[in-house]
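> Here it is, the structure in full.
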Amino acid sequence: MAKMVARLEDKERRRRPSDQELMDRAGELSAKYLGGRARPSSVRWSANQGRRWGSCTLLDGSIRISTRLQGMPSWVLDYVLLHELAHLLHAGHGPEFWKILEVYPRTDRARGFLEGASFTQDDNGQATPDDEED
Ligand SMILES: [Zn+2]
C-alpha cells in the first residue's frame with residue numbers, strides 16, 4: 001500500500017517519461033505482472049501510430065507507444081505498456097490474451113479511459129482498437 005501511495009506521488013514526474021524511462025517501466029511491469037517473461041528488445045515513443053495507442057512487432061520484439069498517451073495518467077500508460085508486453089507472449093485478442101491482462105487491476109478502467117479519449121480525439125467519435133495485430 002505504501003508503494004502504491006509513493007507511485008501516486010510519482011505520477012506527475014512520470015507523465016512524460018523518456019524512451020529510456022519507458023523501457024525501464026516496461027521492464028518493471030513485466031517483472032511485476034508477467035513474471036518477467038515479456039522481454040521487449042526496445043520500447044519507445046512514436047508519433048506515427050495513427051489511431052493506435054501502441055503496437056508491437058513480434059519479429060524483433062520492439063514496442064512503440066503513441067505520443068498521444070503523453071500527459072495521460074501513469075496507470076493508463078502502464079496499461080498500454082502491459083498490453084503490448086502481453087502481445088509478446090500471446091498474439092491476437094482472444095480470451096487467452098485478456099486472461100494475461102487480468103493480473104493488472106486497472107485493465108477495465110484503463111480501457112474505458114482510452115475509449116473516452118478516442119471519442120474525444122477522433123472526428124467521428126468511434127471507439128478505436130488499441131492496436132493492430134502485426
Ligand atoms: Zn492488442
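> Considering the stretch 15-43 alone, what residues qualify as being away from the ligand (no atom under 16 Å from the Cβ), touching a strand residue (DSSP E or B) at 6+ places or on another chain (Cβ under 6 Å) and either among the small types (Gly, Ala, Ser) or closer than 20 Å to residue 114 by Cβ (or both)?
22, 41, 42, listed by residue number.
> Filter the stretch 64-97 down to the residues that are near the ligand (Cβ under 10 Å from one of its atoms) and either more than 10 Å from the chain's Cα centre (by Cα) or aromatic (Phe, Trp, Tyr) (or both) and list them by number. Can you show your working first?
To start, the set of residues in the stretch 64-97 that are near the ligand (Cβ under 10 Å from one of its atoms) comprises 80, 83-84, 86-87, 90-93, 97.
Passing the criteria: 87, 90, 91, 92, 93, 97.
> Note down all Cβ pairs under 7 Å where the first residue falls in the stretch 114-125 and is at pLDDT 85 or above, the second is surrounded by 14 or more Cβ atoms within 10 Å (Cβ to Cβ) and assigned to a helix (DSSP H, G or I), and they're at least six residues apart or on different chains.
114/76
The values are calculated or read from the model by the stated rules, or taken from the named source; none is laboratory data. The model shown is predicted, which means the values in this text are computed figures rather than measured ones. No Cβ is skipped: glycine too gets one built from the backbone with ideal geometry, and neighbour counts run over all protein chains shown.
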